[in-house]
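The values are calculated or read from the model by the stated rules, or taken from the named source; none is laboratory data. Because the structure is predicted, anything quoted here is derived from the model rather than measured. Cβ: placed from backbone, ideal geometry, glycine included. Neighbour counts: every protein chain shown.
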Amino acid sequence: MKTGKVSAVALLSVVILGAIIFLRLNSQTRNNGKGEAARPVAVAVGCVRHGNITNKINVTGDVEGIHEAEVISETTGKVVAIESEVDAFLQAGGIIARIENELQEISLDQAKAQTAAAKANSDKANLDLERIKGLYGQNAVSESQKENAELGAKAALARLRSAQAAERLAQKQFDDTILRTPIAGRLAEKFVTIGKMISPGMKVATVVDDSRLKLYAGVSGEDLSSIRPGDTVEISCDAVRGIVFSGKIRNFALKADPVTRTFQVEIDFTNDKGRSLKSGMFVRAAIHTLSRDGVLIIPAGALIDSSGSRYSAFVVRGSRAFIRRITIGARTDSFVEVTSGLAAGDTIVTFGQQKLEDGSEVTYGTVG
């Protein structure tokens, strides 16, 4: 019995001692936590002010000429002459190269002769018909003779039309031996040389009208709602430094691309006089969808969690930062328009918000 009592007393002492140690450790932990929370948080701050803001949507893509044409061979033959070289300007119909065409020229001459003969026969048949009709009116010929004359005139006309069709075909075959551009522009690429054999479907050249250029770019459905035909666009290219091209939105797709889920926007703009931008160059474009002057703005870095158009920002009062719900309007990568929740002159936290709670003590030292 005595041993049992001693064991119980010893066990109770151990429990009490453990409880005292736990309470002290817990108290120390709470004190340490309070001490850590009480330490000021170093943040960067900015000032709410009035200013101008232009809402932009940034897109990228490859430019192309306002008109581009691939010249494709429609005949078989050997190239016998090159009439234009790369970078030459050609009017619509300008000749790029010629293909050997002696046989086509002979066929065309034969077709023209056959057309002329058929035309003469048709004219004679018509004259005969008019004469027979006159005699028929005088009862000098029979009904059967008049009908035969009418049939002869129709047959002669049919032969004429057949000959004319054969001539048009021969003319086309001859014309196909002269490779021409269908549009006015510069010869951007040429894939033939003298002596080269070409065949139907072979690409001969590319002609580009780069006096004006166009850019096709994809925008999200959210951005599409703020875009209108005629909106101003600024275009720049790393390969053409120092020049900013001014363009406009021409139109946009009403159906999203099934792969990218974006809507294609066509941007049209004028090249510079030296035509520095070439078809295929990669460019960056900023679509100006909205411009506001004299509105309340803050640095974009001051915004935190969002819910629709409702955002939050930390406003500094004295040495503490307090969370403030705000509403925004237009925004860019650098600045945001504030429509409610802040006033000009307010000091707001622009960096270090993730360390703050409502009412946190702050210092405006260097953020580490």
### Message
D305 - would you say it is surrounded by fewer than 18 Cβ atoms within 10 Å (Cβ to Cβ) and assigned to a strand (DSSP E or B)?
### Response
yes
### Query
Has the range 163-177 got any residue that is at pLDDT 95 or above, touching a strand residue (DSSP E or B) at 6+ places or on another chain (Cβ under 6 Å) and closer than 20 Å to G77 by Cα?
yes
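Let's see how each residue does on (1) assigned to a loop (DSSP other than H, G, I, E, B); (2) at pLDDT 95 or above; (3) touching an Asp or Glu at 6+ places or on another chain (Cβ under 8 Å):
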| site | (1), (2), (3) |
| --- | --- |
| F22 | no, no, no |
| T29 | no, no, no |
| N32 | no, no, no |
| T54 | no, no, no |
| H67 | no, yes, yes |
| I96 | no, yes, yes |
| L103 | no, yes, no |
| S107 | no, yes, no |
### Message
Restricting to the range 190-220, and then to whatever is part of a strand (DSSP E or B) and among the basic types (K, R), can you tell me which residue is farthest from R180 (Cα to Cα)?
### Response
K214
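Please tell me if R131 is assigned to a strand (DSSP E or B) and either touching a strand residue (DSSP E or B) at 6+ places or on another chain (Cβ under 6 Å) or without any contact (Cβ under 8 Å) to a residue 24 or more places away in the chain (or both). Walk me through it before giving the result.
Working: assigned to a strand (DSSP E or B): no; either touching a strand residue (DSSP E or B) at 6+ places or on another chain (Cβ under 6 Å) or without any contact (Cβ under 8 Å) to a residue 24 or more places away in the chain (or both): yes.
When the stated conditions are applied, R131 does not pass them.
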### Task
Considering only residues that are of a type in the set (D, E, K, R) and modelled with pLDDT of 95 or more, look in the range 69-94 and name the one that is farthest from S276 (Cα to Cα).
K78
### Task
Determine whether the range 334-343 contains at least one residue that is within 31 Å of the chain's Cα centre (by Cα), more than 25 Å from A42 (Cβ to Cβ) and aliphatic (A, V, I, L, M).
no
### Query
Within the range 244-269, how many residues turn out to be surrounded by 13 or more Cβ atoms within 10 Å (Cβ to Cβ) and assigned to a strand (DSSP E or B)?
13
### Message
So for the range 322-343 (the condition being at pLDDT 90 or above and out of contact with any strand residue (DSSP E or B) (no Cβ under 6 Å at 6 or more places or on another chain)), does at least one residue qualify?
### Response
yes
### Checking D223 against (1) modelled with pLDDT under 95; (2) assigned to a strand (DSSP E or B); (3) not basic (K, R), the condition it does not meet
(2)
### Query
With (1) in contact (Cβ under 8 Å) with a residue 60 or more places away in the chain; (2) out of contact with any Ser or Thr (no Cβ under 7 Å at 6 or more places or on another chain) as the list, and S236 as the residue in question, which single condition is left unmet?
(1)
#### Entry: Residues (surrounded by 19 or more Cβ atoms within 10 Å (Cβ to Cβ) and closer than 14 Å to P40 by Cα) located in the range 319-333
A321
### Message
Can you tell me which condition T339 does not meet? The list is (1) more than 12 Å from A302 (Cα to Cα); (2) touching a residue at least 60 places away in the same chain (Cβ under 8 Å); (3) of a type outside the set (A, V, I, L, M, F, W, C), and all the others hold.
### Response
(2)
### Query
Are there any pairs with C-beta distances below 8 angstrom linking a residue in the range 243-266 that is among the basic types (K, R) to a residue that is in a strand (DSSP E or B) and surrounded by 17 or more Cβ atoms within 10 Å (Cβ to Cβ), with the two at least 6 apart or on different chains, and if so which?
K248/V233; K248/I267; K248/F269; R250/K214; R250/I267; K255/F263
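May I ask you to say which residue of R168, R159 is out of contact with any Gly (no Cβ under 6 Å at 6 or more places or on another chain), surrounded by fewer than 16 Cβ atoms within 10 Å (Cβ to Cβ), not hydroxyl-bearing (S, T, Y) and not in a strand (DSSP E or B)? Break it down stepwise before answering.
Working: R159 fails: surrounded by fewer than 16 Cβ atoms within 10 Å (Cβ to Cβ).
Residue meeting the stated conditions: R168.
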